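Student: Starting off with a structure, shown below.
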Amino acid sequence: FAQWLGALPQNITKAKQDAVVKQLEVEVAKMSENLQGLKKAAKEEKAQSNMTAHLKATMKDKDKAMLDKMDQWSARMNDKARISGLNVLSKLKNAIHLIKKGALAGNGKAADDLGNVLKQMTAMTR
């Protein structure tokens, strides 16, 4: 994304700018859908953990501890994925805002801000 958007000239036509915004909005919609899926999966996992309480009653202490640890790990990873997704979503929306503001049409301040957003997004991938 950063390489593709970073390669665009600073003064592009309104039609090309609209095409870039449209593509970014498609990505925002996909990301939002994925985040909703994460929320749904977390709810299902919580419901399933209530069902495993009966199973834990028949387990040995070591096995219970291992299962609890796995559940904690899973919840932590789901939270990290959700937070990372929200961060990416925020950056994409910010990029759309800056492009609409004129970052690719000659507005120097918006272009600088867009460059900063792209640097942050690049840093997230490392």
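None of the figures in this text is laboratory data; all of them are computed from the coordinates on show. Small disclaimer: the values here were computed from a predicted structure and weren't measured. We place every Cβ from the backbone using ideal geometry, glycine too, and count neighbours over all the protein chains shown.
Student: Along the charge dipole of region 11-126, which of ASN34, ILE12, THR122 sits closest to the positive end, that is, farthest toward it, with unit charges on the beta carbon of Lys, Arg, Asp and Glu (+1, +1, -1, -1)?
Tutor: ILE12
Student: Another question, then. State to the nearest 20 debye the size of the charge dipole of region 28-126 about its Cα centre, where the only charges are +1 on K and R beta carbons and -1 on D and E beta carbons.
Tutor: 140 debye
Student: LYS119 versus ALA15, label points 7 Å from Cα toward the beta carbon: distance in nm?
Tutor: For the pair LYS119/ALA15, the computed spacing is 3.5 nm.
Student: Distance in nm between label sites at ILE83 and LEU35, each 7 Å beyond Cα in the beta-carbon direction?
Tutor: Distance between label points: 1.5 nm.
Student: For region 8-65, run through the trypsin sites (Lys or Arg not before Pro) and keep only the ones in DSSP coil with at most 10 other Cβ atoms within 10 Å of their Cβ.
Tutor: Hits after loop and neighbour filter: LYS60.
Student: Mean separation of Cα pairs under 8 Å and 6+ residues apart, divided by the residue count of region 1-114: what relative contact order is that in percent?
Tutor: That works out to 45 percent.
Student: If you don't mind, another one. Rounding to the nearest 10 and keeping the result within 0 to 90°, find how far the Cα-based axis of helix 14-57 lies from the longest principal axis of the chain.
Tutor: 10 degrees
Student: If R₀ is 35 angstrom, what is the calculated FRET efficiency for the pair TRP73 and HIS97, using the beta carbon separation as r and rounding to 0.05?
Tutor: Between TRP73 and HIS97 the formula returns 0.45.
Student: For the chain, report the convex hull volume of the alpha-carbon atoms normalised per residue, in Å³, without decimals.
Tutor: 95 Å³
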